[in-house]
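Presented below is the structure to which this report refers.
The values are calculated or read from the model by the stated rules, or taken from the named source; none is laboratory data. None of these values were measured; they are calculated from a predicted model. Every residue, glycine as well, gets a Cβ built from its backbone with ideal geometry; the counts of neighbours run over all protein chains shown. Only protein heavy atoms, including side chains, enter the accessible area calculation; ligands, DNA and RNA are left aside. Shrake-Rupley method; radii C 1.70, N 1.55, O 1.52, S 1.80 Å.
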Amino acid sequence: MSKADPSHNAAHDFPLADRLVIDRIKQWLDTALATELAGYGTTDPREVAARKAVDQMRHLALADYRYALVPKILDDLRRAGLMAPPSGD
């Protein structure tokens, strides 16, 4: 059984810098939201509502960070001369 070429993975559709920024932000968001959720129980109606609000924020308001935030961060780094422009290949 042969292994597939890892360069054909869908993750490689984004440049490495994009993937690194996406992963770092995702890790930070996941940790921050998990820490927040850890403070709420599941029996008190207020805590249940707070838990639902955090979950809704995760899946709605913060879900598009990959498209709304990451390109702006990378553009700022490129304009500051800290990153090369994306290659045209």
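Using a basic spin-label model with each label point 7 Å from the Cα along Cα→Cβ, how many nm lie between Leu29 and Lys72? About 1.3 nm, to one decimal. Taking all protein chains into account, the per residue accessible area for the chain stands at 80 Å² (1.4 Å probe).
Available extension along the chain between Ala61 and Ala84 is 5.2 nm, counting 0.36 nm per residue and deducting the alpha carbon span. Could you tell me which label, among (i) 16.4, 52; (ii) 12.1, 37; (iii) 18.2, 55, carries the value of Rg and Dmax of the Cα atoms in Å calculated for this structure? Working out Rg and Dmax of the Cα atoms in Å from the coordinates points to (iii). Computed over neighbours whose Cβ is under 15 Å from that of Leu37, the net charge equals -1, Lys and Arg +1, Asp and Glu -1.
Of the heavy-atom accessible surface of the chain (probe 1.4 angstrom), what whole percent is carbon and sulfur? Taking all protein chains in place, the chain shows 59 percent carbon and sulfur surface.
Taking the Cβ of Arg58 as the centre, find all other residues whose Cβ is under 10 Å away and add up their charges (Lys, Arg: +1; Asp, Glu: -1). Please list the in-between numbers first.
On the way: positive: none; negative: Asp30, Glu36, Asp55.
Combined, the nearby Lys, Arg, Asp and Glu give -3.
Pairs of Cα atoms under 8 Å, at least six residues apart: use those to get the relative contact order of the chain, whole percent.
Values: 25 pairs, mean separation 24.6, N = 89.
With pairs under 8 Å counted, the relative contact order is 28 percent.
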